[in-house]
Amino acid sequence: MYIKDYFKKDKSIISFEIFPPKKDAPVEGVLEASKLMADMKPSYMSITYGAGGTSRDNTVSLSSYVQNELGITALSHLTCVGTKKEELPRMLRELKDNNVTNILALRGDFPEGGENMPLHYKHASNLIEEIKKTGDFCVGGACYPEGHLESDNVYIDMENLKYKVDAGVDFLVSQLFFDNSVFFNFLYRAAAKGINVPIDAGIMPVTSKKQIKRMCALSGSALTPKYKSILDKYYDKPESLEKAGIAYATDQIIDLIANGVSGIHLYTMNKPEIAGAIMKNLEGII
Ligand code: FAD
């Protein structure tokens, strides 16, 4: 099923992001975690693509596993970084042969030291346009409620986001954020720009201080004072911090849904116990 069609239903959409093992790393743990998460019946599961295209084979095989063995709609990530023009038709055919018809098309993170590498597709919008030409895929793109790190400001970033929509993107998935008002503000600006495709809100239940610092640095997402207090209070109590992280994410999700957001994308970090705790909290609410 195409993911864009889930948004036409009168029901909240909860999806999970998982990442494949690195090249040549054992796959069993990820398969087990994916199965446990599939049992929670998310609308779809997205499968990331390692920086620089390093996990390509594992991304495709995990996407196929999710789609065909676990019976959950798979959203396979694909990046400009690591994709050559002449290879794209084969890559798309491989996905189609595996019944994977939803792609999240991204520029991608550069591998360390490769920031200036030449790209066959410079921006995600170029890749989106190319994939849409085949007519075979529902294509998603990324968006950034606080602006992309490389953009001078949120207005320029919004101009650039419009290119993805003009290229035919079917839906968007947001970068993680901790302050819902930032997301609501982003939705107003997107609507004013004529961006009317469905937008999934990206939520990351943070469960360790080290993880949160890394994620904020990578994504450019700002911590809220409320979240900072939680980190300060429970910095040496990992179990309490995990519970507080789950409670914070649940609170964010309920507020988003109550205010009309229909899609929530959980960055699970391959932790079924965290995704499960949130889903349990949402029972009877979504
Ligand atoms: P683009 O849309 O190309 O944007 C990159 C920058 O260029 C932005 O600053 C944008 O404003 C600017 N820009 C865009 N178009 C133009 C234009 N026409 N002219 C001038 N400037 C322009 N990375 C991975 O490597 N693998 C993954 O699996 C992965 N999954 C992700 C999932 C989600 C939901 C999100 C939010 C991010 C993900 N990323 C992933 C990270 C992503 O690849 C990086 O954030 C990357 O730096 C930008 O990707 P993009 O697709 O938004 O790029």
| message | Step by step: first the residues of region 82-108, then only those that are under 17 Å from the mean Cα position of the chain (by Cα) and either within 30 Å of Asp39 (Cβ to Cβ) or among the β-branched types (Val, Ile, Thr) (or both), then the one that is farthest from the ligand (Cβ to nearest atom). Which residue is that? | response | Thr101
| query | Say we look at region 163-180 and pick out the residues that are part of a loop (DSSP other than H, G, I, E, B) and touching a residue at least 60 places away in the same chain (Cβ under 8 Å); which of these is nearest to the ligand (Cβ to nearest atom)? | reply | Val169
| task | Check region 128-140 and report whether any residue there is more than 10 Å from the ligand (Cβ to nearest atom), under 26 Å from Phe16 (Cβ atoms) and not hydrophobic (A, V, I, L, M, F, W, C). | result | yes
| remark: Within region 181-207, the residues that are part of a helix (DSSP H, G or I) and either under 18 Å from the mean Cα position of the chain (by Cα) or touching a residue at least 40 places away in the same chain (Cβ under 8 Å) (or both) are Val182, Phe183, Phe184, Asn185, Phe186, Leu187, Ala190
| request: Taking the options Ser55, Ser64, name whichever one is at pLDDT 95 or above and surrounded by 15 or more Cβ atoms within 10 Å (Cβ to Cβ). | output: Ser64
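Restricting attention to region 218-242, and to residues there that are of a type in the set (S, T, N, Q) and surrounded by 13 or more Cβ atoms within 10 Å (Cβ to Cβ), which single residue is nearest to Glu273 (Cα to Cα)?
Of all residues in region 218-242, those of a type in the set (S, T, N, Q) come to 219, 221, 224, 229, 240.
In the following step, the residues that additionally are surrounded by 13 or more Cβ atoms within 10 Å (Cβ to Cβ) were identified as 219, 221, 224, 240.
Details: Ser219: 24, Ser221: 24, Thr224: 25, Ser240: 15 Å.
Top of the filtered list is Ser240.
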| query | Looking only at region 245-267, which residues are over 13 Å from Ala277 (Cβ atoms), part of a helix (DSSP H, G or I), of a type outside the set (D, E, K, R) and in contact (Cβ under 8 Å) with a residue 24 or more places away in the chain? | reply | Gln252, Ile254, Leu256, Ile257
| query | Out of all the residues in region 139-162, which are of a type in the set (A, V, I, L, M, F, W, C) and either in a loop (DSSP other than H, G, I, E, B) or surrounded by fewer than 21 Cβ atoms within 10 Å (Cβ to Cβ) (or both)? | reply | Ala142, Leu149, Val154, Ile156, Met158
| query | Is it the case that region 141-151 has a residue that's out of contact with any strand residue (DSSP E or B) (no Cβ under 8 Å at 6 or more places or on another chain), more than 9 Å from the ligand (Cβ to nearest atom) and not basic (Lys, Arg)? | reply | no
| task | Report yes if Lys9 is of a type in the set (Lys, Arg) and without any contact (Cβ under 8 Å) to a residue 12 or more places away in the chain, otherwise no. | result | yes
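The values are calculated or read from the model by the stated rules, or taken from the named source; none is laboratory data. Owing to the predicted nature of the structure, the values given are computational and were not obtained by experimental measurement. Cβ: placed from backbone, ideal geometry, glycine included. Neighbour counts: every protein chain shown.
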